[in-house]
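A.B. asks: Take this structure, written in structure tokens, and hold onto it; I'll ask about it next.
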Amino acid sequence: MWGLGREGSDVLTYLFDASAAVELYSPRDERTGRIAHYILEQKTIYQDASLFIPNFCIAEVFNTLGKKRFAPSKPSQAINEDSYKDCLGRFRTHVHWGKTIYPYELNRYHIIAADQIIPTEHHHYRKVEWDRLSTFDILIISMSCELASIGDRTKTYLVTCDERLAAVFNDLKTQGVRDDVVPGPLGELDGRRWIPPECIYLPEANRRQIPKGSRQPMLNI
């Protein structure tokens, strides 16, 4: 389904959240943008990857680009009218009919799995009171776990620029589902279904953490 990688396959599977997808169009810095485009080229040039984005993150990408154009929080984040139109055009082309980045629909399994992830989020250290994941962030983690369970977990990656999301994700990966999880409407779930894949935190990613396509040169950063 959707060209997901299977055991023994060289196809890589990536789930981009909105914070990572924006780096394909209006990167925060050259290095982060190069890493994001290296992954993009695995799909567009080498046909060695499947790229997904949660459907609700599509609206968030549009909104983030709009903020950069009309209400940037920092002057360095501002983009002009021409850049804004260019970013919108390229993103729309990529998601149209799932040509390059496939919109991944939210489903009931992702919502059920959120019960498994929420305790980890609330036990993770907070720098400040408002340092929390949103409900949609939790669902993004759930969606990455689902992609890994129906494909090849060793070749599935969540890509993000959200520091807390990456931290909670890695907590879940190292600690597993917590003992204080209350069974959901289907009762106890198969824990193997909700094992997270790998997480690529773009701002701090190094060359060893970024997989390459079968014919793709090594990332040069």
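Readers should treat all values here as calculations from the given coordinates under stated rules, not as data from a laboratory. This structure is a prediction, so every number in the text was calculated from the model and none was measured. Methodologically, a virtual Cβ is constructed for each residue, glycine included, from the backbone with ideal geometry; neighbour enumeration extends over all protein chains shown.
A.B. asks: If each residue's Cβ is checked for other Cβ atoms within 10 Å, how do T135, T174, T32 rank with the fewest at the top? Before the final figure, lay out each step's value.
C.D. replies: Values: T135 12, T174 8, T32 18.
By the 10 Å Cβ count, ascending, the order reads T174, T135, T32.
A.B. asks: Give me the angle, in degrees from 0 to 90, between the Cα long axis of helix 108-123 and the longest principal axis of the Cα atoms of the chain, rounded to the nearest 10.
C.D. replies: Orientation of helix 108-123: about 90 degrees from the principal axis.
A.B. asks: While we're looking at this one, here's another question. How large is the charge dipole for the chain, taken about the Cα centre, if only the Cβ atoms of Lys, Arg (+1) and Asp, Glu (-1) carry charge, to the nearest 20 debye?
C.D. replies: The calculation lands at about 620 debye.
A.B. asks: For the stretch 12-209, what's the relative contact order in percent, using C-alpha pairs closer than 8 Å and at least 6 residues apart?
C.D. replies: Values: 253 pairs, mean separation 50.1, N = 198.
Normalised by residue count, the contact order of the stretch 12-209 is 25 percent.
A.B. asks: Something else about it: Express the Stokes-Einstein translational diffusion coefficient of the stretch 38-111 in µm² s⁻¹, to the nearest whole number, given a Kirkwood radius over alpha-carbon pairs, 10 °C and a viscosity of 1.306 mPa s. Present the calculation step by step, with values, prior to reporting the outcome.
C.D. replies: On the way: Rh = 13.8 Å.
Taking Rh from Cα pairs, D becomes 115 µm²/s.
A.B. asks: Now, a different point. Hey, what's the per residue convex hull volume over the C-alpha atoms of the stretch 84-156, in cubic angstrom? Display every interim value, and only then the final one.
C.D. replies: On the way: hull volume 11.0 nm³, N = 73.
Residue-normalised Cα hull volume stands at 151 Å³.
A.B. asks: Calculate how steeply helix 81-95 sits against the longest principal axis of the alpha-carbon atoms of the chain, using the helix alpha-carbon long axis, and give the answer as 0 to 90 degrees to the nearest 10.
C.D. replies: Long axis of 81-95 versus the principal axis of the chain: about 50 degrees.
A.B. asks: Give, to the nearest whole percent, the P(r) tail of the chain beyond 30 angstrom, counting all Cα pairs. Please list the in-between numbers first.
C.D. replies: On the way: 5394 of 24310 pairs.
Percent of Cα pairs beyond 30 Å in the chain: 22.
A.B. asks: Near K173, which lysines are there with a Cα under 16 Å away, not counting those fewer than 8 places off in the same chain?
C.D. replies: Qualifying lysines at Cα under 16 Å: K155.
A.B. asks: How far, in nm, would the chain grow between R90 and K173 when pulled straight, counting 0.36 nm per residue and subtracting the alpha carbon separation? All intermediate terms of the calculation are to be shown ahead of the outcome.
C.D. replies: On the way: separation 83, 0.36 × 83 = 29.88 nm, distance 3.36 nm.
Working it through step by step, the gained length comes to 26.5 nm.
A.B. asks: Please report S76, S19 as a ranked list, fewest other C-beta atoms within 10 angstrom at the top and most at the bottom. Before the final figure, lay out each step's value.
C.D. replies: Details: S76 8, S19 22.
Ascending number of Cβ neighbours within 10 Å: S76, S19.
A.B. asks: So, one more: Mind pulling the angle between the C-alpha long axis of helix 30-44 and the longest principal axis of the chain? Nearest 10 degrees, somewhere in 0 to 90.
C.D. replies: 80
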